[in-house]
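All remarks here apply to the structure that follows.
The values are calculated or read from the model by the stated rules, or taken from the named source; none is laboratory data. Remember, predicted model here, so these are calculated numbers, not experimental data. Protein only, heavy atoms only, side chains kept; ligands, DNA and RNA dropped before computing areas. Shrake-Rupley method; radii C 1.70, N 1.55, O 1.52, S 1.80 Å.
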Amino acid sequence: PPMLPTAILRSLVHIRRNPSAGLLAVQLLGLVLYPLMEGTNTGRALLNGFGLVVLGFALWVVRRSPWANWIAGLLAACIVVLGLANLTAQSPTLTLLTSLAEASFYAYAAGSLIAYMFNDEVATTDELFAAGATFALLAWAYAHLYVACQAVNPTAFGALTAPGEMRPWIELLFLSVTTLSGVGLGDVLQARAQLRRGG
């Protein structure tokens with residue numbers, strides 16, 4: 001339709017003026033797409049590719065922050081290198097390192113957005129979107145920490161129907177969002193304490 005290019009152009013202009021809106025939109029799109037991508041090897045490859053899109057948007061948004069941008073670039077480079085290595089090796093150690101790097105990046109990006117929002121006294125439209133994007137970045141950071149916990153201890157998380165089974169990414173993201181938003185844990189729960197006292 002002739003209106004489509006105009007609509008796309010307007011959307012791109014809006015995202016350029018409000019980059020935080022673009023980051024939030026990509027993250028919300030991920031919530032819809034992640035369950036569709038996890039079932040197969042091709043889906044998991046697409047999931048990793050989509051993760052790089054989210055990473056790129058987060059880098060683009062963070063560059064406006066008063067914080068040091070080289071930290072974000074260094075963390076992003078580590079994520080890409082470790083992620084590519086993990087795709088071929090599928091090692092628990094690489095999964096742990098990749099997840100810790102991703103959790104660090106998303107926590108850093110959330111801190112950068114908070115610094116951006118507090119940088120002036122006037123709340124702009126982009127800063128309102130940044131508030132939502134900050135929550136989503138924190139949810140992603142905690143979900144990656146849960147993946148790291150699961151890499152160390154595959155039975156760290158259970159479910160009411162299948163205790164001890166390794167949780168897929170979307171379930172750990174679900175756990176992160178429900179925990180951060182305070183609506184309850186649902187059917188994903190911690191199976192047992194990570195460390196036990198000597199008897």
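Table for the structure above
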read-out	value
Accessible area of Leu46 in the full protein assembly, 1.4 Å probe (Å², nearest 10)	100
Full-extension gain in nm, Phe50 to Ala77, via 0.36 nm per residue minus C-alpha separation	8.1 nm
